[in-house]
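The values are calculated or read from the model by the stated rules, or taken from the named source; none is laboratory data. What you see is a predicted model, and the numbers here were worked out from it, not measured in a lab. Because the Cβ atoms are built from the backbone with ideal geometry, glycine has one as well, and the counts that use them run over all protein chains shown.
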Amino acid sequence: MTDTPEYVPPKVWTWNKESGGRFANINRPIAGPTHDKALPVGKHPLQLYSLATPNGVKVTVMLEELLALGHSGAEYDAWLINIGSGDQFGSGFVDANPNSKIPALVDRSGPEPIRIFESGAILVHLAEKFGAFLPTEPAARAECLSWLFWQMGSAPYLGGGLGHFYAYAPFKIEYAIDRFAMEVKRQLDVLDRRLAESEFIAGADYTIADMAIWPWYGSLAKGVLYEAGEFLSVQDYKHVQRWTDAIAERPAVKRGRMVNRTFGELSSQLLERHDASDFELKTRDKLPKPE
């Protein structure tokens, strides 16, 4: 292991310098809004405020899957929240999600608006609202929710752990990268062993567990996420690869991963989504720009 100067933590930590790395300008140790800005509201009962990070993709895939099943009540407006510019710290967004993280959903289908934040909570809310993609039989439901919460607990080691130290930190720390690489490979092995015995994560049926896990670990399996595929030998996880490819071919998944996307090929980006016909607009230049 490379020798590094020993760091001795102070008795009391203070915020007296930027954290460094790609997201230093938006990292801070306090919550709450930094500026006043109301959230826009479109014509549909479901108002989504998001960005096409893995956590955001979970929800747009779920909404597109519900629409594909014929649930017209799942029509939604998807508004872009640019986290690099600090949109998540606007007063309206903080009202929707006091944790200032995307995604946030406001369900306006009832007499009073309901806010739902945290992607897993949004998936459960939508699954229960429309009676889809969450089994009702107790054992199957427990299996599905167990894997959903597995993702919620595991992905921080992939994102904030390996992703930060491998891809975004201002300098490389061998111990940190080794520690999180080991954990992420263990997680891939957990998934690979499960998918060796089951077509989908929670069993024979496609559920919100797949929708939650695929945007993170499917992207990782294809070497897209953090460009860490070769580093982690992701090709060795054959069952994860099979599952990743199968889900990627679903039409609703293809649509959902486009929504609120600001990177990649222009044909893959739909900055905002207000109607199913919006998918016919293939380039950013043809799309309305958010204020």
Only one of 74, 121, 68 that is of a type in the set (A, V, I, L, M) and either in contact with a Phe, Trp or Tyr (Cβ under 8 Å, 6 or more places away or on another chain) or under 24 Å from residue 263 (Cα atoms) (or both) | 74
List the pairs whose first member sits in the stretch 5-27 and is closer than 16 Å to residue 171 by Cα, whose second member is at pLDDT below 85 and not in a loop (DSSP other than H, G, I, E, B), and whose Cβ atoms are under 7 Å apart, counting only residues at least 6 apart or on separate chains?
-> 18/24
Go through the stretch 79-167 and tell me which helices (runs of 4 or more DSSP H), entirely inside it, have 3 or more residues that are under 17 Å from the mean Cα position of the chain (by Cα) and without any contact (Cβ under 8 Å) to a residue 60 or more places away in the chain.
-> 138-156
Residues of the stretch 122-149 satisfying the condition of being among the acidic types (Asp, Glu) and farther than 26 Å from residue 187 by Cα = 128, 137
Mind checking which residues of the stretch 10-55 are farther than 24 Å from residue 274 by Cβ and not in a loop (DSSP other than H, G, I, E, B)?
-> 24, 25, 26, 35
At least 3 residues that are buried (at least 17 other Cβ atoms within 10 Å of the Cβ) and either modelled with pLDDT under 95 or under 17 Å from the mean Cα position of the chain (by Cα) (or both) in each: list the helices (runs of 4 or more DSSP H) lying fully within the stretch 177-291 that qualify.
-> 208-213, 251-256
Does residue 130 fit the bill of being more than 26 Å from residue 205 (Cα to Cα) and surrounded by 14 or more Cβ atoms within 10 Å (Cβ to Cβ)?
-> no
Looking across the stretch 68-78 at residues that are touching a helix residue (DSSP H, G or I) at 6+ places or on another chain (Cβ under 6 Å) and either free of Cβ contacts under 8 Å to residues at least 60 places away in the same chain or crowded, with 18+ Cβ neighbours inside 10 Å (or both), the single one that is farthest from residue 47 (Cα to Cα) is 74
